[in-house]
Amino acid sequence: MRRGASMLVPLLLLAAGGCTLQPLYAGGAAGPVAASLSGIEVAPIQGKAGWLVANALRDRLGAMGGSGAGAARYRLNVVLDDQIIGLGARADDAVSRERRTLRARFQLIEAGKGTVVLDATAGSDAGIDVVGSEYATIAAESTALERLSDTVAEQIVGRLALYARRTQAGAAGTPAP
């Protein structure tokens, strides 16, 4: 048994040596993915959730090295669906638990051509306890929306970064990971 394990280790090291995994954000703010993300303009998004998501997207895209200067190469359109659904009920038929769901359909549009190059969705949900204080419940719903907005924005930026990585790999003639 010990001999089999000692033979397995060199084989695993050989297999790992051929691994082509590379960091998505290689090069940091000066890297090619960050440069692509900095060329994305976020279109206005309707409602309070839209304002939160748009700001979170701009913050994340700006953190990737975007200066906002110059003409954007892409425009990001986002449509949100924000819902609160009552789940639990007490003996007096009052709701005791809610679920807030935030879903986003987003399209990345090449500015020069007007063609959709990426069409995808993102979403998340959060549970909310409904308590005796209406103020506390409203505050919990608002806090949940803020967290969901950050989560959805993070998912969108992740998908945009993967798209940027794939298009750069294709342009360089190397296979996309």
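The values are calculated or read from the model by the stated rules, or taken from the named source; none is laboratory data. Note that this is a predicted model, so its numbers are computed, not measured. Note that we place each Cβ from the backbone using ideal geometry, even for glycine, and neighbour counts take in every protein chain shown. These area figures cover heavy atoms from the full protein model, side chains too; ligands, DNA and RNA do not enter into them. Shrake-Rupley method; radii C 1.70, N 1.55, O 1.52, S 1.80 Å.
A few points about this structure:
- Test: residue in region 68-81 that is over 14 Å from the mean Cα position of the chain (by Cα) and farther than 29 Å from L37 by Cα: no
- Scope region 28-45; condition open to solvent by 40 Å² or more (accessible area, probe 1.4 Å) and at pLDDT 95 or above; matching residues: P44
- Taking (1) touching a strand residue (DSSP E or B) at 6+ places or on another chain (Cβ under 8 Å); (2) open to solvent by less than 30 Å² (accessible area, probe 1.4 Å); (3) closer than 19 Å to S38 by Cβ in turn, L145 satisfies each apart from (3).
- The numbered conditions (1) surrounded by 16 or more Cβ atoms within 10 Å (Cβ to Cβ); (2) of a type in the set (K, R); (3) over 22 Å from D59 (Cα atoms) are all true for R97 except (1).
- Number of the exception - Y163 against (1) farther than 15 Å from V53 by Cβ; (2) assigned to a strand (DSSP E or B); (3) under 13 Å from the mean Cα position of the chain (by Cα): (2)
- Looking across region 115-131 at every residue that is open to solvent by 30 Å² or more (accessible area, probe 1.4 Å) and under 23 Å from the mean Cα position of the chain (by Cα), the one that is farthest from L160 (Cα to Cα) is identified as G127.
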